[in-house]
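The values are calculated or read from the model by the stated rules, or taken from the named source; none is laboratory data. Remember, it's a predicted structure, so these values are computed and weren't measured experimentally. Cβ: placed from backbone, ideal geometry, glycine included. Neighbour counts: every protein chain shown. The area values use the complete protein model at the heavy-atom level, side chains included, leaving out ligands, DNA and RNA. Shrake-Rupley method; radii C 1.70, N 1.55, O 1.52, S 1.80 Å.
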Amino acid sequence: MKKLEKSKLIGDKTVQISGSKSISNRLLILESLFSTLKIGNLSNSQDTQLLKKALSEDTEIVDIHHAGTAMRFLTSYYSIFEGKTTILTGSKRMKERPVKNLVTALQDLGVEIEYLENEGFPPLKITGKKITQTQVNVPANISSQFITSLLLIAGKLKNGLKINLVGEVTSRSYIEMTLDILTKLGIKNSFVDNTIKVGSFILNSESSIVNYEVESDWSSASYFYSICALGRETIHLKSFYKESTQGDSAIAKIYEEFFGIKTTFSEDEHKITLQPDPNFSFPEKIILDMNNCPDIAQTLCVTAAALKIPFEISGLGTLKVKETDRLLALHNELKKLGTETEITDFTINSVNFNQPEENISIKTYQDHRMAMSFAPFCLIKELIIEDEDVVEKSYPMFWEDLSEILNTI
């Protein structure tokens, strides 16, 4: 339990955020498959460390606990080791998170995968095969991590892979991030309309070691945008790039438009400065489709709730199958801040603003983003974050970094 006293933001402080979890996890799979990649500034998140540990061990049973990204990426990874049998399992919540679309795609490619408990869910028994099929059809509206999981192994396949996405693409920016990494590694690819093509990686005399310095995590940066929007003081964050491939870098544009937080890039230091506009007029309502950046929706909703700005947020279908049902969790916990909402399978809309509860205690639902997205509300009123250790999943130093920029009132 973490008690956050009512606080104010100390201006002009600098925070160093660890490498992006999304990029780090992709790179770890690729590093294990290709000998030409070396990684710098790897994420220190629990998810990344669990994936790194799994890749370093040669065991039949692999338990990735709560690490959903690891479950998805490793499902494809273990599928291409011919004759090797792996049982991939996780926590109770992990066994409730669907993987059927990914498993079906791999089965269509000829991989032998068996559900050991419930159809469509982990744990999985994977028997690696030599994949000779060259194309597969997958629903376009599934989690981008399922598609990325296939992309990460594609360069290792003799004939590469063509993925036909059927329907409207969800979280396209995350797919493009993966393809950008493949390009930097020397793996040719294209993404035209709903068709992705990845060529087989060719190791030759011209192949050289690729040193990849991981950019800091934009989803982790989102909590400091929220703090800046509420505290109205300048914050500096390292290490971030102007031409980022992370979908959550959309936070900069979103917070400038709706909360008056201007982002300035320092190219030589790879530092961004978050500067609130003192003359900014807040909007009457926030209407936003967050299909390409759903992981920062919780942050935005809490910021809007704290400032009592009505909001209609759509494009959030993937949030129901994350660490928890994030839409339901948001609905429940925003009410404690005085914000009543309506939710569907894809949207969350504010309907009324009341006074916050006298003693606010935020449930985390074993979800790291619930803890961190609600923390900035301490600039409005003291509150308790239950099970504060969940932040280790993506940002172990969050509470320490937060304490460095806040003063108790």
Quick check on my link table: of K84/K129; K3/K381; K2/K393; K21/K381; K53/K393; K2/K363, which ones sit more than 19 Å apart, alpha carbon to alpha carbon? K21/K381
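In the chain, how does Rg compare with the Kirkwood Rh, expressed as the Rg/Rh ratio over alpha carbon atoms? Spell out each step's value before the answer.
Numbers: Rg = 21.3 Å, Rh = 21.9 Å.
So for the chain, dividing Rg by the Kirkwood Rh gives 0.97.
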Could you tell me which residue out of I296, N354, G160 lies farthest along the dipole of the chain toward its positive end? Charges go on the beta carbon: Lys and Arg +1, Asp and Glu -1, centred on the Cα centre. G160
Quick one: if you stick a label point 7 Å off each Cα along the C-beta vector at E357 and E96, how many nm between them? 2.0
Cα-based shape type of the range 21-213, given that a ≥ b ≥ c are square roots of the gyration tensor eigenvalues and the cut on a/c is 1.5: rounded
Taking 0.36 nm per residue of sequence separation and subtracting the Cα-Cα distance, how much length would be gained by fully extending the chain between Q135 and F280, in nm to one decimal? 47.1 nm
For the range 21-213, with every protein chain kept in place, what is the accessible area per residue (1.4 Å probe, Å²)? 43
Nearest-0.05 FRET efficiency for E400 and E213 at R0 = 30 Å, using Cβ-Cβ distance, is 0.80
For K13, put the label point 7 Å out on the Cα→Cβ axis and report which residues of the range 229-267 keep their amide N under 16 Å from it. 229-238
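Could you calculate the FRET efficiency of K84 with E386 from 1/(1 + (r/R0)^6), where r is the beta carbon distance between them and R0 is 35 Å, rounded to 0.05? Walk me through the numbers on the way to the answer.
On the way: r = 41 Å, r/R0 = 1.17.
Plugging the Cβ-Cβ distance into 1/(1 + (r/R0)^6) gives 0.30.
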Per the Kirkwood formula on distinct C-alpha pairs, the Rh of the range 1-121 is how many angstrom? 16.5
Projected label distance in nm at E176 and K158, using a 7 Å step from Cα toward the beta-carbon: 3.5
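Rounded to the nearest 20 Debye, what is the dipole magnitude of the chain about its Cα centre when Lys and Arg each give +1 and Asp and Glu each give -1 at the C-beta? Don't jump to the answer; show the numbers that get you there.
Working: 44 positive and 54 negative charges, 143 e Å.
With Lys and Arg at +1 and Asp and Glu at -1, about 680 debye.
Given a Förster distance of 51 Å, report the FRET efficiency between T344 and S200 from their Cβ-Cβ distance, rounded to the nearest 0.05.
Values: r = 43 Å, r/R0 = 0.84.
So, using R0 = 51 Å, E works out to roughly 0.75.
Just for the chain, what percent of DSSP beta bridges are antiparallel, to the closest 5? Could you put the intermediate results ahead of the total?
Working: 40 of 62 bridges.
About 65 percent, rounded to the nearest 5.
At 1.4 Å probe size, with every protein chain present, just tell me what the per residue accessible area of the range 257-409 comes to in Å². Can you show the working numbers first?
Working: 6360 Å² over 153 residues.
That works out to 42 Å² for each residue.
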To the nearest 500 deg cm²/dmol, what mean residue ellipticity at 222 nm is calculated for the chain from DSSP H runs of n ≥ 4 alone, each contributing -39,500 (n - 2.57), summed and divided by the residues? -9500 deg cm²/dmol
Accessible area of the chain with a 1.4 Å probe: how many percent of it is carbon plus sulfur? 45
